[in-house]
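Q: One structure, as structure tokens, below. Some questions next.
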Amino acid sequence: MILMYHKVAPQALTTWWVTADTFNQQMASLQAYEVVSLEAYDPANPKHAVITFDGVYENVYQFAFPILKKWGYPFELFVTGNVIGATNEFDNPEPLARFCTVEQLQKMTDCGGRLQWHTASHRRLDKNLNSQEIATELDVPETLRTQFPSPHFDWFAYPHGDHNQEIVSAVYSRFKGAVSCIAGNDHDKYQLNRLTITESTCLKSTTVSIIIANYNYGNYLPEAVDSVLTQTLPPDEIILIDDASTDSSPSIAKRYADQVRVVLNESNLGIVGCFNKAVSMASGDYIAILGADNRMRADYVERCKSALDREPNVAVAYTDMTIFGSRSSILASAVGATEIGTSIAERWPVFHWKFPEPTPEVLGKLDKENFIHGSSMYRRGVFVNVGGYMDGNGPEDHNLFKRMIAAGWEVFHVPHALIEYRQHSTSQANTVLNLQIELAHLRTQAVMINQAVANRDQRISELTQQLANRDQQIVDIFSSYSWKLTAPLRKVKQESVLLMPKLKHYVKVNIGIAKRIYYRLPVNWQQKIKSLVKNSLPSKK
Amino acid sequence: MSATNSVIQSKQSLDDFYATSDPWGYEKNSHDLRRKQELLSLLPSRVYQRTLDIGCGNGFLTFELPGHEVIGIDISDKAIHWAREAAKKSSHEERYKFVCSSLFELPDVLSGTFDLIIVTGVLYKQYIGNAISAAISTVDNFLNPGGILISCHINDWNPPRFPYNLLDMSVYPYREYHHHLEVYVK
């Protein structure tokens, strides 16, 4: 497949923009493919991918190029000749953006980029052009050809994708191939199709689940969880499983309930039981388990996932480690780790522990010398096939990986210290950092509680004020003239229940007198009596 | 993933902010004096040739950083103006250089690499949007292997971590927030 990008920037302003972070995720997904140049591209090979940019916009140089360099991919830059170093004011209603200068293009060609041609002015190459106009658009200026000789400018991209027969012929005589963005195909080298990549394009093929396994490491748990939450490539799933700890771990774990899936075992299952349970709950293609007293480096997921994506015969990717903690020197000298610095705050040295490549000699010694640590990333499918973690035959991780190798799978060494392995004191569980983190948490809680108390105090005073206002209203009513004046009405209403039969009798007996009195009463009295009488009569249905 | 509606603080508002030489009152308030002290105390003691201070503001921290050559960058040219004024008054004026540039324009403005890089208060979504990965890679291109990177950001605003080995980390109160200070070695 050939990917087509235009602008890469901090925000996706229109459909032609992709944010840099999304671009990075898309580039990470390409680790499962073989990213090649157009020259090497085979349309029949489903694993081949080509990265192309049309423009070329300055934001590609600023935001995409550092990421492309990191991944080491080749990429194609389709240059529109007239706009080199200019802006896109002509491109209504697209937001304003600058195009790359020649110097910026040069820097990109020094690191995997190839320049290709996208016409002089990006006008539509339709039937109305004469041969002179076509030549103006398709001929690459000599200055550019000199500065960027072949294989630069061997390929062409049709503006707006227009590729009628006449244009294709004109392109055929000048270039080795051409790409479109609409109505192309996969077999004509001069009309290859491209995929328009947008902010919502997801090229992902594999998913990662990280399990943080805790037993009574409440003191270190926040550091472990934070290290997983700040990965450069976020895992698709994070499970924090606590094996019925007796310290404050469960309440600490619950703090992260809105960011990770928290599982609190009701009874202690032991390492094998707990790990198997966690993996059975996970849905990712790749699994890694982090002990709650350790930490991951920020690029652990990015690099280990990349290794498994690239190597389909590999079941486990293992890494180097740093050793830290109050007892770091002891392990470091036992394994020959090299010191890389010191923690000034904690007063312990930090070491780099390198692991060997999986040569046949090293693999032969796997039984006695395990080099595949428990926090390696492995394929969940293979885990299931070999029976998961098992009790009895040595450390559970060592045992698992041996079975994977016995089943015919390979292992891969990622040569970076991506796991931070804590060697802590058994008697002193507190470090400067974990105390600071707990203090920060308590301080934040205190601020929230104080704010809630202040809000409640405010609400109470508002309600108190409302009550006082209402009390005052009631007093005002009772002491008002109109209340006193209408006292007889309230008496009538009260007594009307008793009055009604008497009134009826009276009316019956004295209907004439009653009428004369009635018509001498004030109107509102008449109305009152009228409604009283009406309400007491049986209703007509 | 989509960031079309997030507000990115403008250069203009930063320039307005730096209309006076010390708008935060850095020189006098205990929070900023503390953050300077925390960073300097965790800075590994080595000999540094070239130091880069990203987000230097008016040079509050820059003048106390080690290095034979110290370069401070900030997106606000008013802040850079004040930093240059302060440099003239310092005793080692030739050590310091201040450049007005955003992080992403830096590859066109500066050449070479550094063995100490400080990044303070820059890597937030409200400043750089969804371009954290590009920022990390851009900084990475300026740092020597074995070089030191120190990142100091407000914890509550979810700053990123760098893909290097951690030597030191510190969390301390800063105004109504907490600061997260990390010392890495590449």
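Q: Take the residues in region A:5-30 that are open to solvent by 10 Å² or more (accessible area, probe 1.4 Å) and within 30 Å of residue A:190 (Cβ to Cβ), then tell me which one is farthest from the other protein chains (Cβ to nearest Cβ).
A: Selected residue: A:6.
Q: Given (1) of a type in the set (A, V, I, L, M); (2) over 16 Å from residue A:63 (Cα atoms); (3) surrounded by fewer than 22 Cβ atoms within 10 Å (Cβ to Cβ), where does residue A:2 come up short, assuming only one miss?
A: Result: residue A:2 fails condition (3) only.
Q: Checking residue B:25 against (1) modelled with pLDDT of 90 or more; (2) assigned to a loop (DSSP other than H, G, I, E, B), only one condition comes out false. Which one?
A: Only one criterion is unmet by residue B:25, namely (1).
Q: Which condition breaks for residue A:461 when tested against (1) more than 14 Å from every other protein chain (Cβ to nearest Cβ); (2) open to solvent by 90 Å² or more (accessible area, probe 1.4 Å); (3) under 47 Å from the mean Cα position of the chain (by Cα)?
A: (2)
Q: Can I ask one more? Pick from B:34, B:46: which is at pLDDT below 95, within 14 Å of residue B:117 (Cα to Cα) and within 14 Å of chain A (Cβ to nearest Cβ)?
A: When all the criteria are applied, what remains is B:46.
Q: Here is a further query. Can you list the helices (runs of 4 or more DSSP H) lying wholly within region A:343-461 that have 3 or more residues being touching a residue at least 60 places away in the same chain (Cβ under 8 Å)?
A: Those helices (runs of 4 or more DSSP H) span A:380-385, A:396-406.
Q: So, one more: All but one of (1) under 17 Å from residue B:53 (Cβ atoms); (2) out of contact with any helix residue (DSSP H, G or I) (no Cβ under 7 Å at 6 or more places or on another chain) hold for residue B:136, so report the exception by its number.
A: The one condition residue B:136 does not meet is (1).
Q: Might you let me know whether region A:416-438 holds any residue that is open to solvent by less than 70 Å² (accessible area, probe 1.4 Å), away from every other protein chain (no Cβ under 14 Å) and over 27 Å from residue A:352 (Cβ atoms)?
A: no
Q: Residues A:361, A:311, A:346, A:266: which one is open to solvent by 20 Å² or more (accessible area, probe 1.4 Å) and within 14 Å of chain B (Cβ to nearest Cβ)?
A: Just a single option satisfies the conditions, and that option is A:346.
Q: Let me ask something else. Considering each residue of region A:136-161, count those that are without any contact (Cβ under 8 Å) to a residue 60 or more places away in the chain, open to solvent by 10 Å² or more (accessible area, probe 1.4 Å) and touching a helix residue (DSSP H, G or I) at 6+ places or on another chain (Cβ under 8 Å), and give that number.
A: Of the residues in region A:136-161, 3 are without any contact (Cβ under 8 Å) to a residue 60 or more places away in the chain, open to solvent by 10 Å² or more (accessible area, probe 1.4 Å) and touching a helix residue (DSSP H, G or I) at 6+ places or on another chain (Cβ under 8 Å).
Q: Can you pull out every residue in region B:149-186 that is at the interface with another protein chain (Cβ under 7 Å from one of its Cβ atoms) and in contact with a Ser or Thr (Cβ under 7 Å, 6 or more places away or on another chain)?
A: The answer is B:160, B:161, B:162, B:163, B:165, B:167, B:168.
Q: Also, quick follow-up: Does region A:162-188 hold any residues that are closer than 25 Å to residue A:142 by Cα and without any contact (Cβ under 8 Å) to a residue 24 or more places away in the chain, and which are they?
A: Hits for region A:162-188 are A:168, A:169, A:172, A:173, A:178, A:180.
Q: Another question, if that's okay. Can you name every residue in region A:241-250 that is in contact with a Pro (Cβ under 9 Å, 6 or more places away or on another chain) and open to solvent by less than 10 Å² (accessible area, probe 1.4 Å)?
A: Scanning region A:241-250 gives a single hit, A:242.
Q: Do any residues in region A:224-240 that are away from chain B (no Cβ under 11 Å) and crowded, with 22+ Cβ neighbours inside 10 Å have Cβ atoms under 6 Å from those of residues that are among the charged types (D, E, K, R) and in a helix (DSSP H, G or I), where the two are at least six apart or on different chains, and which pairs are they?
A: Qualifying pairs under 6 Å: none.
Q: Checking the condition more than 13 Å from every other protein chain (Cβ to nearest Cβ), without any contact (Cβ under 8 Å) to a residue 40 or more places away in the chain and crowded, with 19+ Cβ neighbours inside 10 Å, which residue from B:79, B:87 passes?
A: Criteria check complete, one pass: B:87.
Q: On the given criteria, is residue A:208 within 14 Å of chain B (Cβ to nearest Cβ), open to solvent by less than 20 Å² (accessible area, probe 1.4 Å), touching a Pro at 6+ places or on another chain (Cβ under 8 Å) and aliphatic (A, V, I, L, M)?
A: The answer is no for residue A:208.
Q: Going through region A:40-61 one residue at a time, which ones are under 23 Å from residue A:122 (Cα atoms) and open to solvent by 20 Å² or more (accessible area, probe 1.4 Å)?
A: The answer is A:58, and nothing else.
Q: Right, something else. Go through region B:95-131 and report how many residues are under 23 Å from residue A:11 (Cα atoms), within 14 Å of chain A (Cβ to nearest Cβ) and open to solvent by 30 Å² or more (accessible area, probe 1.4 Å).
A: Final tally of qualifying residues: 6.
Q: Moving on. Would you say residue A:72 is over 33 Å from the mean Cα position of the chain (by Cα), within 14 Å of chain B (Cβ to nearest Cβ) and open to solvent by 40 Å² or more (accessible area, probe 1.4 Å)?
A: Answer is no for this residue.
Q: Right, here's the next one. What single numbered condition from (1) in contact with a Leu (Cβ under 8 Å, 6 or more places away or on another chain); (2) modelled with pLDDT of 95 or more; (3) not in a strand (DSSP E or B) fails to hold for residue A:340?
A: Only one criterion is unmet by residue A:340, namely (3).
Q: Still on this structure, I have one more. Conditions: (1) crowded, with 19+ Cβ neighbours inside 10 Å; (2) more than 30 Å from residue B:37 (Cα to Cα). Residue A:384 meets all but one. Number of the miss?
A: (1)
Q: Here are A:351, A:371: which of them is crowded, with 17+ Cβ neighbours inside 10 Å and at pLDDT 95 or above?
A: It is A:351.
Q: Of everything in region A:46-95, what is charged (D, E, K, R) and part of a loop (DSSP other than H, G, I, E, B)? Give them in sequence order.
A: Listed by number, the residues that qualify are A:47, A:89, A:91, A:94.
Q: While we're on this one: Being under 30 Å from residue A:313 (Cβ atoms), open to solvent by less than 30 Å² (accessible area, probe 1.4 Å), away from chain B (no Cβ under 14 Å) and not acidic (Asp, Glu) narrows it down to one residue among A:253, A:282; which is it?
A: A:282
Q: Every residue in region A:285-295 that is more than 15 Å from residue A:378 (Cβ to Cβ) and open to solvent by 10 Å² or more (accessible area, probe 1.4 Å), please.
A: Answer for region A:285-295, where residues must be more than 15 Å from residue A:378 (Cβ to Cβ) and open to solvent by 10 Å² or more (accessible area, probe 1.4 Å): A:291, A:293, A:294, A:295.
Q: Give region B:51-76 a look and list any residue that's surrounded by fewer than 19 Cβ atoms within 10 Å (Cβ to Cβ) and either under 21 Å from residue B:112 (Cβ atoms) or more than 16 Å from the chain's Cα centre (by Cα) (or both), or say none.
A: If the condition is that a residue be surrounded by fewer than 19 Cβ atoms within 10 Å (Cβ to Cβ) and either under 21 Å from residue B:112 (Cβ atoms) or more than 16 Å from the chain's Cα centre (by Cα) (or both), then B:66, B:68, B:69 are the ones that fit.
The values are calculated or read from the model by the stated rules, or taken from the named source; none is laboratory data. Keep in mind the model is a prediction, meaning the values are calculated, not measured. Cβ atoms come from the backbone with ideal geometry, glycine included; neighbour counts cover every protein chain shown. Remember, those area values only see protein heavy atoms, side chains included, never the ligands or the DNA or RNA. Shrake-Rupley method; radii C 1.70, N 1.55, O 1.52, S 1.80 Å.
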